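**Student:** This is the structure I want to talk about, given as structure tokens.
The values are calculated or read from the model by the stated rules, or taken from the named source; none is laboratory data. What you are looking at is a predicted structure, and each value in this text was computed from that prediction instead of being measured. Neighbour counts are summed over all protein chains in view; Cβ atoms, including those assigned to glycine, are modelled from backbone coordinates with ideal geometry. For the accessible areas, the whole protein counts, side chains as well, though only heavy atoms, and no ligand, DNA or RNA atoms are used. Shrake-Rupley method; radii C 1.70, N 1.55, O 1.52, S 1.80 Å.
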Amino acid sequence: MKLIIFSIACVFLQVSHQSPISHWNLLPHIVVVEVDGTLGHLPLRCLESPEELTRGGDRIEDIVWMKNGVKDAQTGNLYQVQLEESLGGGNYSCHSKDGSLLNHTVVLIQEDESQKKILVNSDQEDYLKCSAQNFSGEFACSWMWHRSRVGNVAFIKARRVSNDSVAQCSVDNSGQHWTCSSGQSNFSCSLDSSGRGILCVDQQHCPYAEERARIHITVYLRSKHFLVENYSKQFFLSEIVKPGKVGISKVNTTVIAWSYPSSWSSPFSYFPLSFQIAQLRGQCKKCNNPCTDSKSTKTVIVNSPDICQFEVKHKTKAVCIRAKDAFCNSQWSEWSHYSGVGLARAHFEKQPPSNLRKSNFFHFVLALYDRQGQPVEIERTTFVDFVEKEKETTGEKTNNGIHYRLQLLYSNGIRTEQDLYVRLIDSMTKQVRLF
């Protein structure tokens, strides 16, 4: 019996006197504690100089502690945070006897790095997805929150990787803008409005010089349960550059022209792009994107330092073009699609009255759709004239109709003008009424 009691006492002493848990300061008043699932504790001190409190007549024993706004049983200048598995994180504050705030510390828990919980990714992708539209030094990184663990950004570090690069980082009062400075770089990063990405720029980057050091970006994310995880990515800008969409226009019935994306670095002779051109023979009416969902009959790669033209093969229904950096094995841009624009159908959203006379005033709502079934935006409508006398379009004297001119915006960004004639027809014969 004595042996059993002695064994139990030894186990208790071992748990109570285990090695201190590793911790470090992320920001002033924010401590990150690295845990391994075992029991532990973290001591917090309210005042470095307790004499500050006693001068006002208060006693150290009267210091009150609160966790997440709830009063705790512990009192005094020293508070022991109990750590068990991922528990123990919170907002700890100490107060004087009259309730005045003396100090506060946010404790964040960091678990095993191999067990990521806040973000999700696919098997083939990184947690952070970064891209740049050019070589100016700007880039964007985004992520995907776990659906049940959406949190916020606690801190961001960005630097160029080298032997002597120690970055000093800070955050502004809004908590959404960070700056990091080192001998080789000066980064500024901002959180985007969605809370799922950041936009950064290396203000010391020269787009005409070769990159000698990779960019190292680290994002610290915290959950509402005071868990913190960091996600990192290293890259050259040349590895993540992805041009914007190519602009396409029609030259004549057989030739199209395209131009460099407006966001791409210039001069184009120094930053050339390679273009992939796909010609589609058939229409894919049920495709969300004909450039990716259809099979092209011919695909060619063209290198050009400026605006380009291309002769389209006979019976080609659509042309798709995308671009990538000519010198680096980086990402292709999104496809740009051109099939020649035109209206395919019109639909009455609101029908005009069925019993109209020429002198009646009436209104209706008309929706227009292009050949791919996409809605066409009517940007401007202009009254031209009444259809009468020499304004007749077919030579027949009907004295029936109104002529409008529309400015249309198609889904691919092309603008055109379109004449629209509104006429009264007989409801039985469907023939134009003569007046």
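**Student:** So which GluC sites (Glu not before Pro) in segment 87-175 pass both tests, a DSSP loop state and at most 15 other Cβ atoms within 10 Å of the Cβ?
**Tutor:** Those satisfying the criteria are 113, 125.
**Student:** Near the amide H of residue 371, under 5 Å away, which other amide H atoms are found, from residues 5 or more places off or on another chain, if H is placed in the peptide plane?
**Tutor:** Counting only residues 5 or more places away or on other chains, the set is 342, 344.
**Student:** Just the number please: accessible area per residue for segment 159-251, 1.4 Å probe, all protein chains included, in Å².
**Tutor:** 52 Å²
**Student:** What is the spin-label model distance, in nm, from residue 146 to residue 435 if the labels are put 7 Å beyond Cα along the C-beta direction?
**Tutor:** 7.0 nm
**Student:** Sorted by accessible area (1.4 Å probe), largest first, how do 145, 258 line up?
**Tutor:** 145, 258
**Student:** Same structure again: In Å, the Kirkwood hydrodynamic radius of segment 178-271 over pairs of distinct alpha carbons?
**Tutor:** That comes to 16.9 Å for segment 178-271.
**Student:** Around residue 247, which amide H atoms from residues at least 5 apart in sequence, or from another chain, sit under 5 Å from its own amide H, with H modelled in the peptide plane?
**Tutor:** Amide H neighbours of residue 247: 259.
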